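The values are calculated or read from the model by the stated rules, or taken from the named source; none is laboratory data. Model, not experiment: these values are computed from the prediction. Here the Cβ positions follow ideal geometry from the backbone for every residue, glycine too, while neighbour counts run over all protein chains shown.
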Amino acid sequence: MAAKVVAVAQRKGGAGKTTLVAQLGICWARRGRQVALLDIDPQGSLSAWWSARADKTAPPTVLAVQGWRLATEIDRLRRDYEYLILDTPPHADTDARVACRAAQLVIVPVQPSPMDLWATGATLELVRQERGRALLVLNRIPARGRMVAISHERIAAEKLPLAAAGLGNRAAFATSMIDGRGVCETEPEGLAAQEVAALAAELVGILAA
Ligand SMILES: Nc1ncnc2c1ncn2[C@@H]1O[C@H](COP(=O)(O)OP(=O)(O)O)[C@@H](O)[C@H]1O
Ligand SMILES: [Mg+2]
């Protein structure tokens, strides 16, 4: 097996990196994909999420790796899994660079807000320096207001690649994670799970191409 490696990166904290990694990982695992999630952020949010889980025997596999072991660990996991999702730290340190270099695709969560749009340039520059391929994903899309349309306009004007699927601003994303789960487990028929599933399917297509 040669895993497709997806890094989730965004220099801006609180953009939704860990949320995306956890929700996508659970979604793919529930569809029977062999998936491993790697916590590269020293803050350890993804690991904390996983520690809260009652049943850790069911997929996905969740591991924390940092520093000199990172590149070899990615190579090792690449052989055993179909998908590897890397939750990266916000600062542009070596680990974030190793992750962006190893990934076929770097997902960049962006909230439809001026601050998030401005902050995204630094992340895209990091991906470019590591010769990665970036894909913006709108996260915490509000139900109303003009910022979603404005964000689409700005992203299109800069000719940046944007996923068709995005995640709404939904309490279910946080609620599902309190005990180490994801919306595809807690509310599989809900809107949040539908959004994650649409993004997961879009990514499968992009990674297969
Ligand atoms: N789509 C969403 N809807 C509602 N809340 C969200 C969503 N995405 C993230 N959040 C919340 O935003 C905060 C930051 O998300 P997190 O995934 O920790 O970001 P990062 O890993 O980029 O720092 C968390 O409290 C999380 O629950
Ligand atoms: Mg995080």
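Data for the structure
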{"read-out": "Residue match in segment 135-153 (condition: outside any helix (DSSP H, G or I), away from ligand 1 (no atom under 15 Å from the Cβ) and crowded, with 17+ Cβ neighbours inside 10 Å)", "value": "yes"}
{"read-out": "Residue that is farthest from THR19 (Cα to Cα) [pool: residues in segment 41-76 that are of a type in the set (Phe, Trp, Tyr) and within 16 Å of ligand 2 (Cβ to nearest atom)]", "value": "TRP50"}
{"read-out": "Residues located in segment 154-182, provided they are surrounded by fewer than 18 Cβ atoms within 10 Å (Cβ to Cβ) and either in a helix (DSSP H, G or I) or more than 17 Å from the chain's Cα centre (by Cα) (or both)", "value": "ARG154, ALA156, ALA157, GLU158, LYS159, LEU160, ALA171, ALA174, THR175, ILE178, ASP179"}
{"read-out": "Residue within segment 86-99 that is touching a Gly at 6+ places or on another chain (Cβ under 6 Å) and within 16 Å of ligand 1 (Cβ to nearest atom) present", "value": "yes"}
{"read-out": "Hits in segment 1-59 (condition: β-branched (Val, Ile, Thr) and more than 13 Å from ligand 1 (Cβ to nearest atom))", "value": "VAL5, VAL6, ILE26, VAL35, THR57"}
{"read-out": "Close pairs (6 angstrom Cβ cut-off, 6 or more residues apart or separate chains): among the small types (Gly, Ala, Ser) in segment 138-163, surrounded by 10 or more Cβ atoms within 10 Å (Cβ to Cβ) anywhere", "value": "SER151/PRO112; ALA163/LEU135; ALA163/VAL137; ALA163/GLU202"}
{"read-out": "Exclusive hit being under 19 Å from VAL196 (Cα atoms) and charged (D, E, K, R), set ARG33, ARG53, ARG101, ARG11", "value": "ARG33"}
{"read-out": "Pair list, Cβ under 6 Å, 6 or more apart: segment 25-36 residue within 13 Å of MET1 (Cα to Cα) and modelled with pLDDT of 95 or more, other residue small (Gly, Ala, Ser) and not in a loop (DSSP other than H, G, I, E, B)", "value": "VAL35/GLY25; VAL35/ALA29"}
{"read-out": "Lone unmet requirement of (1) under 26 Å from ARG97 (Cα atoms); (2) in contact with a Lys or Arg (Cβ under 6 Å, 6 or more places away or on another chain); (3) hydrophobic (A, V, I, L, M, F, W, C) for LEU160", "value": "(2)"}
{"read-out": "Tabulated pairs, segment 186-205, first free of Cβ contacts under 8 Å to residues at least 24 places away in the same chain, second of a type in the set (A, V, I, L, M), C-beta under 7 angstrom, 6+ apart or interchain", "value": "GLU187/ALA172; GLU187/ALA193; GLY190/ALA172; GLY190/VAL183"}
{"read-out": "Hey, GLY121 part of a helix (DSSP H, G or I) and touching a residue at least 24 places away in the same chain (Cβ under 8 Å) or not", "value": "no"}
